[in-house]
Amino acid sequence: NEVTTDYNVSAEQIEWLNTVALNLTDTDWGIIVLTHHPLNWYGMSGLLSALNTYKGKRSGAELIAHFHGHLHNFRAETLGTNNIPTITIPNACFGRNNEYGTASSYSDEIKATYGDTDESGKQRVFAKTADTAEDTAFNVVVIDRQDRKIHCFNYGAGIDREISY
């Protein structure tokens with residue numbers, strides 16, 4: 001399987017994922033998958049398919065969520081027929097302010113898909129200001145497996161989030 005771009009997931013990587021990383025039979029374990037690009041990004045469909053198949057088996061270690069960066073915002077959604085929680089973590093760079101959700105050159109559809117929202121779901125920008133507490137944004141993620149909650153505690157631009165899974 002020829003890799004055509006820098007961010008494709010190769011057949012060899014999918015094979016490793018299926019035979020090694022997702023070969024956990026202990027139900028006490030939980031799995032978090034971290035990538036740079038979202039699962040619905042071009043070249044990531046093999047990974048989404050593998051995770052979707054694994055979650056559909058409903059045995060072994062629990063696939064809790066997928067986390068990624070790249071989009072410079074915070075977003076939580078589910079992907080695949082087995083509803084894999086996928087969470088975008090905001091960037092730690094004040095020079096990149098959620099351009100997908102705010103730039104006038106992007107359509108309303110792109111803004112709705114990749115934009116950042118506040119507690120009420122309203123589209124907004126969490127501006128990052130150099131040399132202040134808001135000049136970077138990062139999350140500390142805590143998983144509450146008993147109550148099936150993902151807590152994303154935010155430092156800097158943005159807000160704390162709680163996501164059910």
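Only the coordinates and a few stated rules stand behind these numbers; no lab work does. The model shown is predicted, which means the values in this text are computed figures rather than measured ones. As a convention, Cβ positions derive from the backbone with ideal geometry for all residues, glycine included, and neighbour counts pool all protein chains shown.
One table, with the values for the structure above:
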| read-out | value |
| --- | --- |
| Near-label residues of the stretch 41-56 by backbone N, under 12 Å of a point 7 Å along Cα→Cβ of HIS70 | 41-48 |
| Inter-site label distance for SER120 and VAL142 at 7 Å from Cα along Cβ, in nm | 2.8 nm |
| For PHE67, distant residues with modelled amide H under 5 Å away | VAL33, LEU34, THR35, ILE87 |
